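Scroll down for the structure; my scribbles are underneath it.
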C-alpha cells in the first residue's frame, strides 16, 4: 500500500511476559481509527520458552492480519528487579524480531515520553493516560488491563511525534535574499554599521 506522510497503520505494544498490551491504529490525515486493542495473557504458562514462542507467534499473527507500517513499542524502564527487567527485555526483543521478520521498522519510547505525549505530563498514572485516550479516540469500554491502553499510548506517541517531525521538516516557502537580509538588519541593528 502506497501511503502518504500522514496515512499509516501503527502497531503499538506495551511489552510484558505476563501481560502484553497491543493495539493497531489506522491514521488517515487527522483521522485516527482504533482497529484493535487487547492483551496477551501469558502469565499462566509456566515454561518460559513456551511463553516466549506463544508471544512471538501471536505478534506475527497480528502483523499478518493488519499489515502495520511501523511498530511503536515502550522501552523497558530501569527497575530494581534485574530478573524482571531481563524478562521484559526479552519480550520487547521478540516483538521487535517479529516486526523485523516482516520488514517492519520500529521505534521505542520511554514510558515518561509516552505519557507526556498523551497527557502533557510524564508522571501521569496509567488511569489518567487511559482516560485521555478514551477521550481522544472515543472508545466506549475501558479495557480490563491497562496494558492495552499503554500500547495505544505508545502508538499515539509515534503518531504525535511523527506529525511534529513531518510538520517541522516540510519545506517552507523560500524567502528572497533581499527579504531575509532586511529581516536580519531590522532584528540586529547593532550588528550592522
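Take residue 50 and tell me if it is under 21 Å from the mean Cα position of the chain (by Cα), assigned to a helix (DSSP H, G or I) and free of Cβ contacts under 8 Å to residues at least 24 places away in the same chain.
no
Condition check: touching a strand residue (DSSP E or B) at 6+ places or on another chain (Cβ under 7 Å), surrounded by fewer than 18 Cβ atoms within 10 Å (Cβ to Cβ) and either under 26 Å from residue 134 (Cα atoms) or modelled with pLDDT under 95 (or both). Does residue 34 satisfy that?
Values: touching a strand residue (DSSP E or B) at 6+ places or on another chain (Cβ under 7 Å): yes; surrounded by fewer than 18 Cβ atoms within 10 Å (Cβ to Cβ): yes; either under 26 Å from residue 134 (Cα atoms) or modelled with pLDDT under 95 (or both): yes.
Yes.
If residue 80 satisfies every condition in (1) without any contact (Cβ under 8 Å) to a residue 60 or more places away in the chain; (2) more than 28 Å from residue 139 (Cα to Cα); (3) assigned to a helix (DSSP H, G or I) but one, which is the exception?
(3)
Looking at 73, 104, can you tell me which residue is in a loop (DSSP other than H, G, I, E, B), at negative phi, touching a residue at least 60 places away in the same chain (Cβ under 8 Å) and touching a strand residue (DSSP E or B) at 6+ places or on another chain (Cβ under 7 Å)? It would help to see each step written out before you state the result.
Working: 73 fails: in a loop (DSSP other than H, G, I, E, B).
Of the residues listed, the single one that is in a loop (DSSP other than H, G, I, E, B), at negative phi, touching a residue at least 60 places away in the same chain (Cβ under 8 Å) and touching a strand residue (DSSP E or B) at 6+ places or on another chain (Cβ under 7 Å) is 104.
For residue 175, indicate whether it is at pLDDT 95 or above and either surrounded by 11 or more Cβ atoms within 10 Å (Cβ to Cβ) or assigned to a helix (DSSP H, G or I) (or both).
Taking the combined requirement at face value, the residue does not satisfy it.
Within the stretch 90-103, track down each residue that is under 17 Å from residue 72 (Cβ atoms) and surrounded by fewer than 17 Cβ atoms within 10 Å (Cβ to Cβ).
The initial filter retains those residues of the stretch 90-103 that are under 17 Å from residue 72 (Cβ atoms), namely 91-100, 102-103.
The answer is 93, 97, 100, 102, 103.
Which of the residues spanning the stretch 115-154 are farther than 20 Å from residue 33 by Cβ and part of a helix (DSSP H, G or I)? Steps first, please.
Going residue by residue through the stretch 115-154, those that are farther than 20 Å from residue 33 by Cβ are 115-116, 119-128, 144-147.
If the condition is that a residue be farther than 20 Å from residue 33 by Cβ and part of a helix (DSSP H, G or I), then 115, 116, 119, 126, 127, 128, 146, 147 are the ones that fit.
Give me the pairs, please: first residue somewhere in the stretch 111-128 and free of Cβ contacts under 8 Å to residues at least 12 places away in the same chain, second residue anywhere and in a loop (DSSP other than H, G, I, E, B), beta-carbon distance under 6 Å, and either six or more positions apart or on two chains.
112/122; 116/122
Within the stretch 19-31, is even one residue touching a helix residue (DSSP H, G or I) at 6+ places or on another chain (Cβ under 7 Å), surrounded by fewer than 21 Cβ atoms within 10 Å (Cβ to Cβ) and not in a strand (DSSP E or B)? Walk me through it before giving the result.
So the first thing to find is which residues in the stretch 19-31 are touching a helix residue (DSSP H, G or I) at 6+ places or on another chain (Cβ under 7 Å), and the list is 19-25, 27.
In the following step, the residues that additionally are surrounded by fewer than 21 Cβ atoms within 10 Å (Cβ to Cβ) were identified as 19.
So of that shortlist, the ones also not in a strand (DSSP E or B) come out as none.
No, because not a single residue in the stretch 19-31 is touching a helix residue (DSSP H, G or I) at 6+ places or on another chain (Cβ under 7 Å), surrounded by fewer than 21 Cβ atoms within 10 Å (Cβ to Cβ) and not in a strand (DSSP E or B).
Would you confirm whether any residue within the stretch 53-70 is in contact (Cβ under 8 Å) with a residue 60 or more places away in the chain, touching a helix residue (DSSP H, G or I) at 6+ places or on another chain (Cβ under 7 Å), part of a strand (DSSP E or B) and surrounded by 13 or more Cβ atoms within 10 Å (Cβ to Cβ)?
Yes, some residue in the stretch 53-70 is in contact (Cβ under 8 Å) with a residue 60 or more places away in the chain, touching a helix residue (DSSP H, G or I) at 6+ places or on another chain (Cβ under 7 Å), part of a strand (DSSP E or B) and surrounded by 13 or more Cβ atoms within 10 Å (Cβ to Cβ).
The values are calculated or read from the model by the stated rules, or taken from the named source; none is laboratory data. Worth saying up front: this structure is predicted, and the values here are computed from it rather than measured. Ideal geometry is used to build each Cβ from the backbone, glycine not excepted, and the neighbour counts take in all protein chains shown.
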